[in-house]
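**Student:** First the structure, which I've put down as structure tokens, then a few questions once you've had a look.
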Amino acid sequence: MMKKAATKTTTERSKTELRTELLLDRLLDAATRVFMEKGFDATSMGAIAKQAHASTETFYRHFPTKEELFERVLLRRTEFLKGELNSVLLSEDVPEKALTAFGELGLSLLLAPQALSLHRILVMEKGRFPHIVASFHSQGPQRVQAALASYLAGQVKRGRLRKTNTHVAARQFFDLVIPEFHFAMELRSTPAPTKAEMRQRVKEAIDCFLHGYGSTG
């Protein structure tokens, strides 16, 4: 009997946790949409609650302040980006294949409207919330580059790349692919590049990268 009771409690707890996760996803989806549309200052917890079809009390129970909610929205986005980009860095794939997948996916994700909107808000609020900027950077770009560096280190061991500081190499590849398009869209409001333009940019970056880091063996 005690065993059955314990199993039932565990099941009930699991159902409760699942309901909470689904609720948090709904709240964060709504918060993301409203922040993107209105920015940080013009967004109210009430507006987000209305968008999520939830009470403001529900929001405050899970997110005591708008600042904490915004940080959670950003970190949730970084978790998604990390998962997607890490998934294409397969150790068995040769550098040209893995870097092509990483570069093209990275461009499509980082130049997406949601990513650009949240980044603009982050830049606008960096003076007020420097800890959020630091958290975003450490949980997002730094970890993505660390994953790329780890992949490159594996390729060095396989003899596919020459020995080098793979953290520097990862940063350099990232810089070859992302900044120009990102800068153009953020500051000059140019249209998003086409898939063909993104493929060409990644190809050029890989040609340059492998010219410097490719194995001579």
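**Student:** Along the charge dipole of the chain, Cβ charges K/R +1 and D/E -1, which of Ile132, Ala42, Phe209 sits furthest on the positive end?
**Tutor:** The residue sitting farthest along the positive end of the dipole is Ile132.
**Student:** Could I ask something else about it? Report, largest value first, the span of the C-alpha coordinates of the chain along each principal axis, in whole Å.
**Tutor:** 65, 56, 31
**Student:** By count of other Cβ within 10 Å, fewest leading, how are Glu125, Glu21 ordered? Walk me through the numbers on the way to the answer.
**Tutor:** On the way: Glu125 17, Glu21 10.
If I rank by nearby Cβ atoms, fewest first, I get Glu21, Glu125.
**Student:** Okay, next question. What angle do you read, to the nearest 10 degrees and between 0 and 90, between the alpha-carbon axis of helix 195-213 and the longest principal axis of the chain?
**Tutor:** Compared with the principal axis, the helix lies near 60 degrees.
**Student:** In addition: Counting helices only, and only those DSSP H runs with n ≥ 4, report the 222 nm mean residue ellipticity of the chain as the sum of -39,500 (n - 2.57) divided by its residues, in deg cm²/dmol to the nearest 500. Can you show the working numbers first?
**Tutor:** On the way: 11 runs with 168 residues, N = 217.
Dividing the helical sum by the residues of the chain leaves -25500 deg cm²/dmol.
**Student:** Relative to the longest principal Cα axis of the chain, at what angle does helix 166-177 sit, 0 to 90 degrees, rounded to 10?
**Tutor:** With rounding to tens, the tilt is 90 degrees.
**Student:** If you don't mind, another one. Each label point is 7 Å from the Cα along the Cα-to-Cβ direction; what then is the distance between the points at His211 and Lys157, in nm?
**Tutor:** 3.1 nm
**Student:** I need Asp175, Asp93 ordered by Cβ neighbour count within 10 Å, fewest first. Mind showing how you got there, number by number?
**Tutor:** Values: Asp175 12, Asp93 17.
Taking fewest neighbouring Cβ atoms as first place, the list is Asp175, Asp93.
**Student:** Treat every Asp and Glu Cβ in the chain as -1 and every Lys and Arg Cβ as +1, leave all other atoms uncharged, and give the resulting dipole magnitude about the Cα centre to the nearest 20 debye.
**Tutor:** On the way: 32 positive and 24 negative charges, 132 e Å.
With only Lys, Arg, Asp and Glu charged at Cβ, the dipole is about 640 debye.
**Student:** As an exercise, use a Förster radius of 35 Å and the Cβ-Cβ distance of Ala47 and Thr194 to find the FRET efficiency, rounded to the nearest 0.05.
**Tutor:** Working: r = 35 Å, r/R0 = 1.00.
E(calc), rounded to 0.05, equals 0.50.
**Student:** While we're here: For helix 130-139, what angle does its Cα long axis make with the longest principal axis of the chain, in degrees from 0 to 90 and rounded to 10?
**Tutor:** Tilt relative to the chain: about 60 degrees.
**Student:** Return, ordered by residue number, the residues of the range 143-178 whose backbone nitrogen is under 12 Å from a label point located 7 Å along Cα→Cβ of Ser91.
**Tutor:** The answer is 150-158, whose backbone nitrogens lie closer than 12 Å to the label point.
**Student:** Starting from the Cα-Cα distance between Val168 and Glu84, subtract it from 0.36 nm times their residue separation and give me the gain in nm to one decimal. Don't skip to the answer; put the middle values down first.
**Tutor:** On the way: separation 84, 0.36 × 84 = 30.24 nm, distance 2.20 nm.
Additional length available on full extension: 28.0 nm.
**Student:** Let me ask something additional. What is the fewest-to-most order of Phe80, Phe173 by other Cβ atoms lying within 10 Å of their Cβ? Mind dumping the intermediate values first?
**Tutor:** Details: Phe80 13, Phe173 27.
Final ranking by Cβ density, sparse to dense: Phe80, Phe173.
Only the coordinates and a few stated rules stand behind these numbers; no lab work does. Because the structure is a prediction, the values reported are computed rather than measured. For neighbour counting, all protein chains shown are included, and Cβ atoms are generated from backbone atoms with ideal geometry for every residue, glycine included.
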